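Structure first, then comments.
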Amino acid sequence: QVLSDVFNAPVYTIDTANSACLGSAYRAIHGLVAEKNMSLADVVKSAPEPRLAVTPTAGAEELYRPLLKRYAELEQKVIYNPTSSC
């Protein structure tokens, strides 16, 4: 639920163990076939059908939007000036 609220997006899951690893594997395959102009959508056609797990909580975006902005600012500060203190 937290991911859905923070990113204001629905979260889908699939019935498989280690689904995060599976997603990484699909991305790796996509990288391997990139020279064939194959889209990621084509690569994951054989993936199990996702199931909607949660949707964003009403009003959560108002809470998280400024926090995401601040996080992005801090991240940029670290990336472009890693010796500065945040």
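Quick notes on this structure:
- Charge-dipole axis of the chain as Lys and Arg at +1 and Asp and Glu at -1 on Cβ define it, positive-most pick from Gly23, Ser4, Thr55: Gly23
- Whole-percent carbon and sulfur share, accessible surface of the range 1-80, 1.4 Å: 60 percent
- Accessible surface comparison of Asp15, Asp5, Asp42, probe 1.4 Å, protein chains only, largest first: the order is Asp15, Asp42, Asp5.
- All C-alpha pair distances within the chain, sorted into 5 Å bins from zero, spread as 3, 12, 13, 13, 13, 17, 17, 9, 3, 0 percent across the bins.
- Where the range 1-80 is the region considered: accessible area per residue in Å², 1.4 Å probe: 79 Å²
- About its Cα centre, the dipole of the range 1-80 is roughly 160 debye, where the only charges are +1 on Lys and Arg Cβ and -1 on Asp and Glu Cβ.
- For the range 3-44, the set of chymotrypsin sites (Phe, Trp or Tyr not before Pro) satisfying both a DSSP loop assignment and a count of at most 10 other C-beta atoms within 10 Å is empty.
- Take Ile29: with every protein chain present and a 1.4 Å probe, its accessible area is about 80 Å².
The values are calculated or read from the model by the stated rules, or taken from the named source; none is laboratory data. In this text, all values refer to a predicted model and were calculated from it rather than measured experimentally. Cβ: placed from backbone, ideal geometry, glycine included. Neighbour counts: every protein chain shown. Just so you know, the surface numbers come from the protein's heavy atoms only, side chains and all, with ligands and any DNA or RNA stripped out. Shrake-Rupley method; radii C 1.70, N 1.55, O 1.52, S 1.80 Å.
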